[in-house]
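Peer 1: Here it is: the structure, laid out below.
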Amino acid sequence: KILEFGFGTGANLLLVKEKCPDADLRGLDIDPKVQQIAERKLAKRQIFIPLDLYDGVDLPFSTSQFDKVYSCLVFHQLDAATKIACLREIYRTLRPGGQLVIADWGKAAHFGMRLAFGLVQLLDGFKTTNDNVHGRMPGFIREAGFQDMVIARSINTAIGTFSYFTATKAK
């Protein structure tokens, strides 16, 4: 069972379903407008994936429900307290030994990447993005209870350093 935290318009859900047709997927987002867009995309391809809305506080799932939770380009939009609260809720919903994968902006690899990321910060706000560009995501992930936190890969892009963070829930 796999949850996408912040499904947006459903693009990643479609990719996962294409690569792993038997995966038991579920999506969660806070925005009813993007939920409608994602539902239309999925319906167009005759794919049913439950898409839930989230109140921003408690995930609407039982404890230890998922084997994996992934998220792409969500956490840089959250302030520090919300990042930690969301990570704790994700931790709660993962089964022991479950995996977390976050793809988002990470610590700037060098001064040029730090400057380039300024564009993202102008668009998404400095308050929420500073944690990412200053490399605080690994600490937040550990603070939420996760083990084996690794930055699996970082890619320097035209607008900043994009990183893949992985961690597990203790068995």
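Peer 1: Condition first: within 20 Å of residue 2 (Cβ to Cβ) and open to solvent by 70 Å² or more (accessible area, probe 1.4 Å). Now tell me which residues in region 33-45 satisfy that.
Peer 2: 39, 41, 45
Peer 1: Among the residues in region 123-140, are any under 24 Å from residue 12 (Cα atoms), open to solvent by 30 Å² or more (accessible area, probe 1.4 Å) and at pLDDT below 95?
Peer 2: Yes, there is a match, as at least one residue in region 123-140 is under 24 Å from residue 12 (Cα atoms), open to solvent by 30 Å² or more (accessible area, probe 1.4 Å) and at pLDDT below 95.
Peer 1: Out of all the residues in region 19-32, which are farther than 12 Å from residue 7 by Cα and either small (Gly, Ala, Ser) or in a strand (DSSP E or B) (or both)?
Peer 2: Kept after step one, since they are farther than 12 Å from residue 7 by Cα, are these residues of region 19-32: 19-24.
Scanning region 19-32 gives a single hit, 23.
Peer 1: So which pairs qualify, if the first residue must be in region 61-88 and within 18 Å of residue 138 (Cβ to Cβ), the second must be modelled with pLDDT of 95 or more and open to solvent by 50 Å² or more (accessible area, probe 1.4 Å), the Cβ gap must be under 7 Å, and the two must be at least 6 apart or on different chains?
Peer 2: Pairs that qualify, where the first residue is within 18 Å of residue 138 (Cβ to Cβ) and the partner is modelled with pLDDT of 95 or more and open to solvent by 50 Å² or more (accessible area, probe 1.4 Å), are 84/143.
Peer 1: Give just the number: which of (1) within 16 Å of residue 154 (Cα to Cα); (2) touching a Cys at 6+ places or on another chain (Cβ under 9 Å) does residue 112 not satisfy?
Peer 2: Here residue 112 clears every test but (2).
Peer 1: Please indicate, with yes or no, whether at least one residue in region 4-18 is part of a loop (DSSP other than H, G, I, E, B), of a type in the set (D, E, K, R) and either on the phi < 0 side of the Ramachandran plot or open to solvent by 50 Å² or more (accessible area, probe 1.4 Å) (or both).
Peer 2: Restricting attention to region 4-18, the residues satisfying the condition of being part of a loop (DSSP other than H, G, I, E, B) are 6-10.
Next, from what is left, pick out any that are of a type in the set (D, E, K, R): none.
Checked against the condition, which is being part of a loop (DSSP other than H, G, I, E, B), of a type in the set (D, E, K, R) and either on the phi < 0 side of the Ramachandran plot or open to solvent by 50 Å² or more (accessible area, probe 1.4 Å) (or both), region 4-18 yields no hits at all.
Peer 1: Being modelled with pLDDT of 95 or more, open to solvent by 30 Å² or more (accessible area, probe 1.4 Å) and hydrophobic (A, V, I, L, M, F, W, C) narrows it down to one of 73, 51, so name that one.
Peer 2: On the way: 51 fails: open to solvent by 30 Å² or more (accessible area, probe 1.4 Å).
Going through 73, 51 in turn, the sole match is 73.
Peer 1: Now a separate question. From the list 114, 92, which one is open to solvent by 60 Å² or more (accessible area, probe 1.4 Å), farther than 19 Å from residue 5 by Cβ and free of Cβ contacts under 8 Å to residues at least 60 places away in the same chain?
Peer 2: Numbers: 92 fails: farther than 19 Å from residue 5 by Cβ.
Unique residue meeting the criteria: 114.
Peer 1: Taking residue 166, is it among the β-branched types (Val, Ile, Thr), closer than 24 Å to residue 23 by Cα and surrounded by fewer than 20 Cβ atoms within 10 Å (Cβ to Cβ)?
Peer 2: Spelling it out, residue 166 is indeed among the β-branched types (Val, Ile, Thr), closer than 24 Å to residue 23 by Cα and surrounded by fewer than 20 Cβ atoms within 10 Å (Cβ to Cβ).
Peer 1: If residue 81 meets every condition in (1) open to solvent by less than 60 Å² (accessible area, probe 1.4 Å); (2) of a type in the set (Gly, Ala, Ser); (3) farther than 14 Å from residue 167 by Cβ apart from one, which number is that one?
Peer 2: All conditions are met except number (1).
Peer 1: Let me ask something else. Out of (1) within 23 Å of residue 96 (Cα to Cα); (2) within 18 Å of the chain's Cα centre (by Cα); (3) free of Cβ contacts under 8 Å to residues at least 60 places away in the same chain, the odd one out for residue 22 is which?
Peer 2: (2) is the only condition that residue 22 fails.
The values are calculated or read from the model by the stated rules, or taken from the named source; none is laboratory data. If you're wondering where the values come from, they're calculated on a predicted model, not measured in any experiment. FYI the Cβ positions are ideal-geometry reconstructions off the backbone, even for glycines, and counts take in every protein chain you see. The area values use the complete protein model at the heavy-atom level, side chains included, leaving out ligands, DNA and RNA. Shrake-Rupley method; radii C 1.70, N 1.55, O 1.52, S 1.80 Å.
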